[in-house]
Structure formats: structure tokens, C-alpha cells
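Undergrad: My questions all concern the structure below.
The values are calculated or read from the model by the stated rules, or taken from the named source; none is laboratory data. Here the structure is a predicted model, which is why all the values come from computation and not from measurement. Glycine gets a Cβ as well: all are built from the backbone with ideal geometry, and neighbour counts include every protein chain shown. Surface areas here come from the heavy atoms of the whole protein model, side chains and all, with no ligands, DNA or RNA. Shrake-Rupley method; radii C 1.70, N 1.55, O 1.52, S 1.80 Å.
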Amino acid sequence: DYALYHSKFHSKGHPVLFSKEHESTILGQRKMEQCLIDANLEEELQVHYQPIVDTHSGRTVGMEALARWNNPQLGFVSPAQFIPAAENLGIISKLTTILMEKALKVASSWTTDTYLSFNLSASDLASPETPLKLMAIIMRSGFSPKRLVFEITETTMMVNFERANEVLRPFRDLGVEIALDDFGTGYSSLGYIQKMPIDRLKIDRAFVSDLEAKKISRDIMGTIVDLCSHLEIKCIVEGVETHKQLELVQLLGCHLIQGYYYSKPLPTDEANEFLKQNTNASMNDWQLVS
Ligand code: C2E
Ligand code: MG
Ligand code: MG
Ligand code: MG
């Protein structure tokens, strides 16, 4: 249509026409950005925790920290929206440090050896100060770096491979593991995997949703799982929702699972409760077999 054609081909230095929809999206984006700038982030940001389960032992081995923003004006805003906005506004460092502080405080209270998986964005790695701030927060928390995992997307890792490597080295030296997140949605250069400083690989949930219907998806996942096992990289499958999907993923050789099938991301109290019940359950199993 004309508006689209016009904005696509005549936007440079010319007035641009938008459809009503397009206009409201831009206004919504502006409003969200303004709320983010004005927000009391200490108060409005929360962390939810999603279990990562080892199907061999039935135990929750890890929890992924996922950011939640509850704004008095906007209500809950998805991290898929506000994280990129915070990056563009140049304020992601503030969010990352607040989230890290909160997540480590909660994880330090766990009585299990469950690891904490924490997402970092490209700007976090590119920033001259953020890595130092994170290091200080980790040290102050008393939480063992050996129980910490940084999740970094393929795209982030590839944008500046040398820089990512350099920034991550001191953390890896302390025992922090690196997980390649959303694997299969970015460049997916298999050749790069062996050069990357990674300990874990998280297969994106896009593959899981196609698993039942498409043989090609099963073949691809099976190949990735095999590759990981040859390279001694731990493989986690994200987005398992049904029992059928769980069976297929296990059949393909992967036993580290994250998804709604086990649990959605949980607020602090419910996450603590989940861990408690999970520990009790596996201890009972252990008593039965021993
Ligand atoms: P991600 O790191 O890949 O996190 C997994 C996302 O998949 C989460 O969405 C989770 O709720 C969702 N998910 C997990 N299992 C299932 C399932 O079985 N079915 C479906 N439909 N979804 C599932 P969420 O919490 O909305 O986060 C979206 C993205 O926002 C994250 O993707 C991550 O890239 C980013 N993000 C979240 N928290 C942070 C953070 O603290 N820092 C940074 N830099 N990024 C974050
Ligand atoms: Mg993640
Ligand atoms: Mg992911
Ligand atoms: Mg994702």
C-alpha cells in the first residue's frame, strides 16, 4: 500500500506517512521508553526463576533468572520489549546490575547446589564498566562463581568475538560457565562453536515446537545434541511444553530440560518452594533405591 511504499522508499529527508497502526506502535514505544527512563527500577524490577531439570535424576539443577518489569502506568511489560529498549537508551547497565544483585541475593538463600543462569546482553559485554561492576557484585554476594552461568546469545557472541572472549575470561577463571543462548536462531556457524568459550548450549524453543511434525527438526536437534556430546558441551533444550516433546527430546539424547512442562518462570517465594519440594522428592527416591 502507499503508506508502506512511501516510508520504505522515500524516508530520507522526505515526510513519511504512517498508517494509524504504525503510528500508535511508535507512540507506544516512546511512552514505554519514557516510563523506563522515569522508572524507580530498584522497586519496579523483579526477577523470576525458571527451573532447569535433569531428567536422569529428576532434580532441578539450575534456575534461569528472567527479568520482570511492573510499571505503575504500564503494568507488566515483556523483557523482549524493555530489554532491547534499555539497550537502545544506553541504560541497560543499570538494569543488569540491579537484576544481578537481586538474583544473587535470592540464589544465595537456596540450600541446594542449584546453579543460577543469568542473561547478559551485547551492551553489557561491550561496556567498559559493566563487567567490573558485575565482578564486584558477585564477590560481595558470597555466591560461588562455580554455581553461576552467563547466558549470551549467539548473535551477541559473534558481534565482537574477541571482545566477548576477553571480557568473559576473568569470570571463567573463577568458574563461571558460559551458555550460548537461543542456539539456532542466529548465525549458527557450527565451525565457530569450538572456538567459542562456551560450556553450555541452549537449543532455542523454535526447534521444539516443530519436533513432532517435522523429521528435519528431529534430525537437526539430534545432530546438535551429538555435536555437544563430542565437544563435551552441556546441552539444554528450551521450551518443552508437552510430555510428547519431552519424550522426543530425551530420545534424541538430551536430558537437561527447561520449559512450561516442568514450570513457568516463578516469583521468588514459589521458586523457593519448587526447589524445596523437588529436593524432598529426589531424596525420597534416593532412599528407596539405596
Ligand atoms: P531467553 O533467555 O531465551 O529466556 C527464555 C524465554 O522463553 C523466557 O521468556 C521464558 O519464559 C520462555 N519460555 C521458557 N519455557 C517456555 C515454554 O515452554 N514455552 C514458551 N512459550 N516459552 C517458554 P521471557 O521471560 O519473556 O524472556 C524473554 C527474553 O528476554 C529472554 O529469552 C532473554 O533474551 C530476555 N531477558 C529476560 N530477562 C533478561 C535479563 O535479565 N537480561 C537480559 N539481557 N535479557 C533478559
Ligand atoms: Mg536465556
Ligand atoms: Mg533462550
Ligand atoms: Mg529467547
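Undergrad: List the GluC sites (Glu not before Pro) in the range 44-144 that DSSP assigns to loop (not H, G, I, E or B) and whose Cβ has at most 10 other Cβ atoms within 10 Å. Which are they?
TA: Passing both the DSSP loop test and the Cβ count: GLU129.
Undergrad: Using protein chains only and a probe of 1.4 angstrom, how many square angstrom of HIS56 are accessible, to the nearest 10?
TA: 150 Å²
Undergrad: Based on the alpha carbons, how large is the Rg to Rh ratio for the range 78-130 when Rh follows Kirkwood?
TA: 1.04
Undergrad: Can you flag which of LYS133/LYS276; LYS215/LYS244; LYS94/LYS202; LYS146/LYS202; LYS102/LYS244; LYS133/LYS264 are past 24 Å Cα-Cα?
TA: LYS133/LYS276; LYS94/LYS202; LYS102/LYS244; LYS133/LYS264
Undergrad: Would you mind working out the accessible area per residue for the chain, using a 1.4 Å probe, and quoting it in Å²?
TA: Numbers: 15640 Å² over 290 residues.
About 54 Å² of surface per residue is accessible.
Undergrad: Still on this structure, I have one more. Full extension from SER209 to GLN73: what is 0.36 nm times the residue separation minus their Cα-Cα distance, to one decimal in nm?
TA: On the way: separation 136, 0.36 × 136 = 48.96 nm, distance 3.44 nm.
In short, 45.5 nm is gained.
Undergrad: Once the Cα gyration tensor of the range 56-151 is found, what semi-axes does its equivalent ellipsoid get, as square roots of 5 times the eigenvalues, in whole Å, sorted largest first? Show your work: numbers first, answer last.
TA: Values: eigenvalues 116, 61, 29 Å².
Semi-axis lengths for the range 56-151 are 24, 17, 12 Å.
Undergrad: How much mean residue ellipticity at 222 nm does the chain get from its helices, if each DSSP H run of length 4 or more adds -39500 (n - 2.57) and you divide by all residues, to the nearest 500 deg cm²/dmol?
TA: Numbers: 14 runs with 152 residues, N = 290.
Mean residue ellipticity at 222 nm (helix-derived): -16000 deg cm²/dmol.
Undergrad: Evaluate the Kirkwood expression for the hydrodynamic radius of the range 184-270, namely the inverse of the mean inverse distance over all pairs of different C-alpha atoms, and round to one decimal in Å.
TA: 13.6 Å
Undergrad: Also: Which are the unpartnered cysteines of the chain, meaning those with no other cysteine Cβ under 4.7 Å from their Cβ?
TA: Result for the chain is CYS35, CYS254, no neighbouring Cys Cβ within the cutoff.
Undergrad: Once the convex hull of the C-alpha atoms of the chain is built, how many Å³ does it hold per residue, rounded to a whole number?
TA: 178 Å³
Undergrad: While we're here: Count charges around GLY142 for me, please; just the other residues with Cβ under 14 Å from its Cβ, Lys/Arg as +1, Asp/Glu as -1. Could you put the intermediate results ahead of the total?
TA: Values: positive: LYS105, ARG140, LYS146, ARG147; negative: GLU101.
That sum, taken over residues with Cβ under 14 Å, equals +3.
Undergrad: Right, another one. Relative to the longest principal Cα axis of the chain, at what angle does helix 161-173 sit, 0 to 90 degrees, rounded to 10?
TA: The answer is roughly 40 degrees.
Undergrad: At q = 0.14, 0.18 Å⁻¹, what log₁₀ I(q)/I(0) does a Debye calculation on the Cα points of the range 104-228 give, no solvent, two decimals?
TA: Debye curve over Cα of the range 104-228, log10 I(q)/I(0) at q = 0.14, 0.18 Å⁻¹: -0.67, -0.99.
Undergrad: In what order, largest first, do ASP210, ASP124 sit by accessible area if the probe radius is 1.4 Å? List each step's numbers first, then the result.
TA: Details: ASP210 50, ASP124 5 Å².
Result of the area sort, largest leading: ASP210, ASP124.
Undergrad: Considering only protein heavy atoms and a 1.4 Å probe, what is the carbon-and-sulfur percentage of the accessible area of the range 93-243? Numbers along the way, then the final one.
TA: Working: 3690 of 7060 Å².
C and S fraction of accessible area: 52 percent.
Undergrad: Right, next: Return a whole-number percent for the relative contact order of the chain, with Cα pairs under 8 Å and 6 or more residues apart as the contact set.
TA: Numbers: 406 pairs, mean separation 50.8, N = 290.
Reported relative contact order: 18 percent.
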